[in-house]
Amino acid sequence: MSEHVPTLQAEPETSSGRRDAASGKRFWSARKVPAALVSALLLGMAGLLLYDVIAVRAGQPGMGWRRDIASQLAERPLDQVWVQVGAGLAIALGLWLVVLAVTPGLRSLLPMRADATDPDVRAGLDRGAAALVLRDRAMAVPGVEAARVRVGRTKVTVRAVSHFRELADVREELEDAMRAGAADLGLAREPALAVRVERSERVTGGEG
């Protein structure tokens, strides 16, 4: 099994950065691909419009596509299906850009406690790596035959299969192990815990 290590992200030493680390706020994504696409689109549109304006000012006819668009907008009624579909797509695109602008992103990176790292560095732990660590803890509990761990931003969900011992005892020890494991991860906010233990099908079939 490959070893997973926490992902570290350095930030400038500012008072706001320390407050973010202390409060456990999520990391902000740079979103380079959406920004590059929007910038390229706006640059291309601005270039075409500028060229058209210069051509008209120089006495040349405007571009055919602009005249067609202006004519269509002037003649088509607003209740047509294609007009409404185009407006809906424009609204959806605008809302998507607004959501990208006001949300942090990087949902797979969990902020760690400031005292768990250097005070001048914010650290984050990948959710997949955290799930592997907690799964190893779960498999170490006596009676657990298999376990699946899902680490969310606020909750850890554990589903385990037990092939011997009482389910209540396995569940109790598994909950204690998961709480200790979550505390050892050094996360800024301790996640909630949901544990479910089932009897192995092989044991159930053997008993029947």
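The values are calculated or read from the model by the stated rules, or taken from the named source; none is laboratory data. Just so we're clear, the structure is a prediction, and the values are computed from it rather than from any experiment. Neighbour counts run over all protein chains shown; Cβ positions are idealised from the backbone, glycine included. To get the accessible areas, we keep the full protein, side chains included, count just its heavy atoms, and leave off ligands, DNA and RNA. Shrake-Rupley method; radii C 1.70, N 1.55, O 1.52, S 1.80 Å.
When the residues of the stretch 47-75 are filtered to those that are open to solvent by 60 Å² or more (accessible area, probe 1.4 Å) and among the small types (Gly, Ala, Ser), which remaining residue is modelled with the lowest pLDDT?
Taking the stretch 47-75 as the starting set, the residues that turn out to be open to solvent by 60 Å² or more (accessible area, probe 1.4 Å) are 48-51, 53-54, 56-61, 65-69, 72-75.
From what is left, the residues that are among the small types (Gly, Ala, Ser) are 58-59, 74.
Details: Ala58: 85, Gly59: 82, Ala74: 78.
Looking at residues that are open to solvent by 60 Å² or more (accessible area, probe 1.4 Å) and among the small types (Gly, Ala, Ser), I get Ala74.
Of the candidates Leu89, Leu78, Leu93, Leu97, the single residue that is within 20 Å of Ala35 (Cα to Cα) and either loosely packed, with under 10 Cβ neighbours inside 10 Å or touching a residue at least 24 places away in the same chain (Cβ under 8 Å) (or both) is Leu97. Being open to solvent by 50 Å² or more (accessible area, probe 1.4 Å), assigned to a helix (DSSP H, G or I) and charged (D, E, K, R) holds for only one residue in Arg137, Arg153, Arg159, and it is Arg137.
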